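Have a look at the structure below, then the notes.
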Amino acid sequence: MFSLVNNFFFPRVLSILIALLPVALLSGSLIINSVQILILFIFSIELVKERKINFLNNIFFYLLIFLWFSFIINLILSTVPEASLPRVIGFVRFIFLIFAIKYIFNFEKENYSKKILLFWFFIFLVVTLDLIVEYFFGKNIFGFESYMPGRLAGFLNDELKIGGYYLGFALISIGTIYQSIKRENFLIPLLLIVIFLIISFLIGERSNFIKLFIMIFLFCLFVFNKKLPSILIIFSCVILVFFGLILNNEKLKYRYLSQINYSNISQTLYYQHYKSAIHIFKDHPYFGVGIKNFRNEIIKDEYKDRVEYEKGTSEYRHIISTHPHQINFEILSETGIFGFICYLIFFILSFIKALSGYLKNKNILLLSSFLFCLIYLNPILPSGSFFTTYSATIFWINYALMITFIKSTKK
């Protein structure tokens, strides 16, 4: 009995920690990092104890090491190495997180994957209901409210980034439910799709909403291709609902119409961030300024930008940010051509393997996580930083699911 308990102890603890990841993401960076460090520690013990180090003998492990090695080179050539060091060294925890998820989801003696996915769905459902409460009553169940018109705060309070959380787990939740019911019954997944799209729209994070809309539309094209006319009608109705919400809600009208200068995109704040990143890249084309050094570089006088005002006046001032709010521009400005090529190699090879895997096994969760990773890395829409704890954890959870289900026979 002791031997049996001993053999299952670490996998059970790992499964609990992995199941709690969505909760940790709602609790702040300290909790997220603590959970990830525990996962790294326990997963390392499990691999050594069970003599399963060869579990890491995998093309995706070597691709991740390749990506990490490019970060180390970037660290050496960074303009401020001490600023880059924590994120470069800290990337190791994501490698272990990815393979810990893969290990637990493929654990043969216990069906941890189904339990974890259903728990994640439950947490996502709680977040959804909480956002509905906030929309109708102005505050969520803890009394949190947004300080910005047209935005919802949710459990993350004044950080106003619940839209990134919603983007990260919406398709996983849809895929979980679709995989749990009969394939012929597509009404429940479609109902969830409509609800999740509307909630994402109400959150007011425009970029994350557009990404989710594209992801879910592509998901429907892949999964419900035989019901294409019905899908197009449903999406058309959803779009009409969005217009109705905008016309009848002044805060949403401000957020989606008035706040965006559609006639002059070059004057938008995101455009200014992109332009600053390109300017930094031109000054440091080969290896960039170093990971996490965009913030240190942008404050220099040569990066002041001319700002035009309505009365015809203008001035030169800093458009300061911690990152350029677009992953590809962030990689270019902070890691240069060298880092960007390594980044492209890593993801192109990963996506080729993922798409090939989906075409072979038609696994819904593989498709869900693949579409998230693909759309998340788009070269146009604004995004969070690729290296921050919150955004990176959400991204690498999806990446982990993607590589986990490539060889899965489950549908």
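The values are calculated or read from the model by the stated rules, or taken from the named source; none is laboratory data. Everything numeric in this text was worked out from a predicted model, so none of it was measured. Backbone-built Cβ (ideal geometry, glycine too); neighbour counts: all protein chains shown.
Values computed for the structure shown
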read-out: Qualifying residue in the range 342-359 (condition: surrounded by 17 or more Cβ atoms within 10 Å (Cβ to Cβ), outside any helix (DSSP H, G or I) and not acidic (Asp, Glu)); value: no
read-out: Among residues of the range 372-411, those that are under 11 Å from residue 168 (Cβ atoms) and of a type in the set (Val, Ile, Thr), counted; value: 3
read-out: Positions within the range 372-391 being over 21 Å from residue 59 (Cα atoms), part of a helix (DSSP H, G or I) and either aliphatic (A, V, I, L, M) or touching an Asp or Glu at 6+ places or on another chain (Cβ under 8 Å) (or both), in sequence order; value: 375
read-out: Residue that is surrounded by fewer than 18 Cβ atoms within 10 Å (Cβ to Cβ), aliphatic (A, V, I, L, M) and more than 26 Å from residue 210 (Cβ to Cβ), where the choices are 95, 89; value: 89
read-out: Matching option when the condition is among the small types (Gly, Ala, Ser) and at pLDDT below 95, among 24, 83, 19, 100; value: 83
read-out: Count - residues of the range 173-220 that are among the basic types (Lys, Arg), in a helix (DSSP H, G or I) and surrounded by fewer than 17 Cβ atoms within 10 Å (Cβ to Cβ); value: 0
read-out: Residue 147 being part of a helix (DSSP H, G or I) and hydroxyl-bearing (Ser, Thr, Tyr); value: no
read-out: Evaluation of residue 170 against (1) surrounded by 24 or more Cβ atoms within 10 Å (Cβ to Cβ); (2) of a type outside the set (D, E, K, R); (3) more than 27 Å from residue 363 (Cα to Cα) (one fails), failing number; value: (3)
read-out: Of all residues in the range 386-411 being over 18 Å from residue 206 (Cβ atoms) and of a type in the set (S, T, N, Q), the one that is modelled with the lowest pLDDT; value: 409
read-out: Of residues in the range 241-276 being modelled with pLDDT under 90 and of a type in the set (Gly, Ala, Ser), the one surrounded by the fewest Cβ atoms within 10 Å (Cβ to Cβ); value: 263
read-out: Matching residues, the range 104-123, being of a type in the set (Phe, Trp, Tyr) and either under 13 Å from residue 12 (Cβ atoms) or surrounded by 21 or more Cβ atoms within 10 Å (Cβ to Cβ) (or both); value: 105, 107, 112, 120
read-out: Close pairs (8 angstrom Cβ cut-off, 6 or more residues apart or separate chains): surrounded by fewer than 19 Cβ atoms within 10 Å (Cβ to Cβ) in the range 9-20, assigned to a helix (DSSP H, G or I) and among the acidic types (Asp, Glu) anywhere; value: 10/46
read-out: Selected residue (only one of 209, 287 is within 30 Å of residue 76 (Cβ to Cβ) and modelled with pLDDT of 90 or more); value: 287
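Conditions (1) touching a residue at least 24 places away in the same chain (Cβ under 8 Å); (2) within 18 Å of the chain's Cα centre (by Cα); (3) more than 23 Å from residue 23 (Cα to Cα), marked per residue:
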site: 150; (1), (2), (3): yes, no, yes
site: 153; (1), (2), (3): no, yes, no
site: 163; (1), (2), (3): yes, yes, no
site: 169; (1), (2), (3): yes, yes, no
site: 191; (1), (2), (3): no, no, yes
